[in-house]
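Beneath this line is the structure, given in structure tokens, with notes to follow.
The values are calculated or read from the model by the stated rules, or taken from the named source; none is laboratory data. The model shown is predicted, which means the values in this text are computed figures rather than measured ones. Heads up, the Cβs are rebuilt from the backbone with ideal geometry, glycines too, and the neighbour counts pull from every protein chain shown.
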Amino acid sequence: MKELNIENLRIAVDGQEIVRGLTLRVPRGEVHALMGPNGSGKSTLAKVLAGHPDYHVTAGKVLMDGENLLELEPDERARRGLFMAFQYPSEIPGVTIANFLRAAMQSRLPEGEELEATDYYAKLYEKIELLGMDRSFTSRAVNEGFSGGEKKRTEILQLAMLEPKYAVLDETDSGLDIDALKTVAHGVNSLRGPDLGILLITHYQRLLNYIIPDHVHVMVAGRIVRSGRKELALELEERGYDWARDGAIEPAFR
Amino acid sequence: MKTETSAVNIDRSKGDFFYPEAHVRDAGAGLSERTVRYISDVKEDPDWVREFRLRGLKTFLEKPLPTHWASKDLEAIDFDKIRYYLSPGTEAKRSWDEVPDDIKRTFERLGIPEQERKFLAGVEAQFDSEAVYSNIKKAVGEQGVIFVGSTEGLKNYPEIFRKWFGKVIPIADNKFSALNSAVFSGGSFIYVPPGVKVKHPLQAYFRINAENFGQFERTLIIADEGSEVTYMEGCTAPKFNTPTLHSAVVELVALKGAKIQYITVQNWASNVFNLVTKRGLAQENAEVKWIDCNIGSRLTMKYPSVIMKGRKARGEVLSIALANDGQHQDTGAKMIHAADETTSNIISKSISIGKGRATYRGLVHVPKHLKHCKNNTECDALLINATSRTDTYPAITVRGTGNAVQHEASVSQVSAEQIFYMQQRGLSEAQAMSLSVNGFVNDLVRQFPMEYSVELKRLIELEMEGSVG
Ligand SMILES: Nc1ncnc2c1ncn2[C@@H]1O[C@H](COP(=O)(O)OP(=O)(O)OP(=O)(O)O)[C@@H](O)[C@H]1O
Ligand SMILES: [Mg+2]
């Protein structure tokens, strides 16, 4: 089955349970929005999908196209097609975006095969243009001294270059001005297609006007309390999280 | 990139092999007057060199180990077990075809003859105690450039050799310069005539093949007025279980307006004590630049220095040290300003991995009577693991007014978040770390010659691969 399948997932950090029995399926070709109040565990979920070592999965499973994701090292997950756009991307002093992405793409090639430099740069410049960035940007060190918006754009640039099967975008819209939001949304939309499944974490309905989701899920205190179509986001904006929580099948509490 | 050739192939994994010993000349284990006399006899030293060696021995025996400031690990060197002179008993050849087979194969495996063809102006290859090959491109030789081993230098060019030998670094400079003075063998002698600019680098490659051995090469480079030369040295040794000692002395003399650039890439196995004294003298308007890269070894102690003796002389040290688990890189630089308007620059970057330890020791000296001298010192340390260690001991004595010094130091750590971020893009932990390290040294490496920076990057990658699970 071509989907990212999260089943009854429980995650703890420092003995405290943060994600508490979460089930979610993202088939390829679909965009699922995940919304929820601060601290509800959205980033924790994203990091665990990517294999962050600080978090412990205490129960449940995650399958990517039927393969047990939780057994793999973070870099193996990435090479097999999982991408995460970080809410707070790290800086890598001295390493240029061009060199970084080149190393990342090289890591996906079989041993002994060398990335073709001219093809690489052609693709890089094409994506740079798609995201309304300047070419000179590629010779700056990754995220070093970047503005909040520049960091988010750089995450999407990497997404566009690496062409994953599943992408988890953690609040890629936060910190973007309206023009940047449109360009980034345009970038993401141009990547949409039958081969890519997207889990879009956001607080704002606004983004969903530009990246129209197939499904919307509301997460409260470590669980999905409501799921619906794109209209759910609008309703949520009007009524707030209390409404979402009250309507839950079983009460979620922290 | 595929098309780039690297300058000095000192990949330790490639260097970790040895051939059975076939030495004809062997001074035996331990150090005494007899050892020194044996070396003198075998090398047919002139009297002044015999005396020089004996003075070296006396000073070495008198001087205590510098353990009051340096690592106590020095005590692990058993001077009685080391063999101080080993050679096949033949002279350095001018053609690789004449070099004994096993030795020739050693250097072929290290890629030396190939690089010589590609981009070097001359090569000297030393195997244990003696140069086995030494050659200079015809065109360079015709300009009057001399590039021979130290033994040949002192015999065939005594007037120039003797004038400077032991003058920049006196016998008694430190215990290990005294040791080298007693038993030195091999190393290069270079003389560049006035105004001659040697376009391509001259390279020496120092190879240790034997166990329980000490290599004590001695290099003297004299760049006459207005001349320019770049010298590169590379070194490797197989990994033995017993300590190996490498204790060289390198003296550089840049006469009025001359420029010497000395590049070192060292990638020693983790049983090597690397205790080297390097110093350059820069006359009026001359420049001495050390590019010094230390990877591997058990303990390295090395502080390249420049004495700026003439007005407007310049000194520079750019260094990178990488201390892996169980290694201690104790490196730094000394800048002695001895004339007006002299300028010096020190940029040092160290990386400590695992329980590795990097120490920076710097000395900048500007006496009171001088005017318009400048020094810039930057030393940055990168710690890879929580157990990694770095210390900095800058000693800056700048007196008088109108002299300017600038000192910056930083310590940074590769964070787990950074590594995770890179892994999320598909890089293995080792690749992520080597990319961070390359990023850290990048602005410095950019100032190195191309072939050299390519080699360095590759070495860093190898080192990081070896250090991660
Ligand atoms: N490494 C950690 N150590 C301790 N607590 C953590 C850690 N990571 C997350 N938490 C806690 O888990 C909870 C969920 O955090 P998380 O970042 O997943 O929330 P979020 O839904 O992404 O919130 P936001 O909308 O503000 O980004 C918070 O209470 C947070 O403090
Ligand atoms: Mg979050």
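Summary table
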{"item": "Total residues in segment B:322-360, condition surrounded by fewer than 24 Cβ atoms within 10 Å (Cβ to Cβ) and at pLDDT below 95", "result": "5"}
{"item": "Pair list, Cβ under 7 Å, 6 or more apart: segment A:69-87 residue in contact (Cβ under 8 Å) with a residue 24 or more places away in the chain and more than 7 Å from chain B (Cβ to nearest Cβ), other residue in a helix (DSSP H, G or I) and polar (S, T, N, Q)", "result": "A:Gln87/A:Ser43"}
{"item": "Residues of segment A:224-237 satisfying the condition of being more than 16 Å from ligand 2 (Cβ to nearest atom) and either part of a loop (DSSP other than H, G, I, E, B) or within 11 Å of A:Met35 (Cα to Cα) (or both)", "result": "A:Val225, A:Arg226, A:Ser227, A:Arg229, A:Lys230, A:Leu232, A:Ala233, A:Leu236, A:Glu237"}
{"item": "Number of the exception - A:Asn99 against (1) among the polar types (S, T, N, Q); (2) within 14 Å of ligand 1 (Cβ to nearest atom); (3) within 12 Å of chain B (Cβ to nearest Cβ)", "result": "(2)"}
{"item": "Failed condition for A:Glu91, given (1) closer than 16 Å to A:Leu199 by Cβ; (2) modelled with pLDDT of 95 or more", "result": "(1)"}
{"item": "Residue identified as assigned to a helix (DSSP H, G or I), more than 14 Å from chain B (Cβ to nearest Cβ) and within 16 Å of ligand 2 (Cβ to nearest atom) among A:Leu181, A:Leu199, A:Leu207, A:Leu176", "result": "A:Leu207"}
{"item": "Where A:Arg25 falls short, out of the listed (1) of a type outside the set (Asp, Glu); (2) away from chain B (no Cβ under 14 Å); (3) within 16 Å of ligand 2 (Cβ to nearest atom)", "result": "(3)"}
{"item": "Residues of segment B:423-437 classified as at the interface with chain A (Cβ under 7 Å from one of its Cβ atoms), farther than 16 Å from B:Ala386 by Cα and under 34 Å from the mean Cα position of the chain (by Cα), total", "result": "4"}
{"item": "Where a residue in segment A:29-56 is of a type in the set (Phe, Trp, Tyr) and its partner, wherever it lies, is more than 9 Å from ligand 2 (Cβ to nearest atom) and not in a loop (DSSP other than H, G, I, E, B), with Cβ under 6 Å and at least six apart", "result": "A:Tyr55/A:Ile11; A:Tyr55/A:Val13; A:Tyr55/A:Val48"}
{"item": "Flag for A:Val13 being hydrophobic (A, V, I, L, M, F, W, C), within 13 Å of ligand 2 (Cβ to nearest atom), closer than 30 Å to B:Ser412 by Cα and more than 10 Å from chain B (Cβ to nearest Cβ)", "result": "no"}
{"item": "When residues of segment A:45-68 are limited to those that are near ligand 1 (Cβ under 9 Å from one of its atoms) and within 14 Å of another protein chain (Cβ to nearest Cβ), the one nearest to A:Val225 (Cα to Cα)", "result": "A:Ala46"}
{"item": "In segment B:194-245, residue nearest to B:Trp268 (Cα to Cα) [restricted to those that are among the β-branched types (Val, Ile, Thr), in contact with a strand residue (DSSP E or B) (Cβ under 7 Å, 6 or more places away or on another chain) and modelled with pLDDT of 95 or more]", "result": "B:Thr219"}
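For every residue, the table says whether it meets (1) closer than 21 Å to B:Gly214 by Cα; (2) touching a strand residue (DSSP E or B) at 6+ places or on another chain (Cβ under 7 Å); (3) loosely packed, with under 15 Cβ neighbours inside 10 Å; (4) of a type in the set (A, V, I, L, M).
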| residue | (1), (2), (3), (4) |
| --- | --- |
| B:Glu44 | yes, no, yes, no |
| B:Arg55 | yes, no, no, no |
| B:Leu65 | yes, no, yes, yes |
| B:Arg94 | no, yes, yes, no |
| B:Asp97 | no, no, yes, no |
| B:Glu108 | no, no, yes, no |
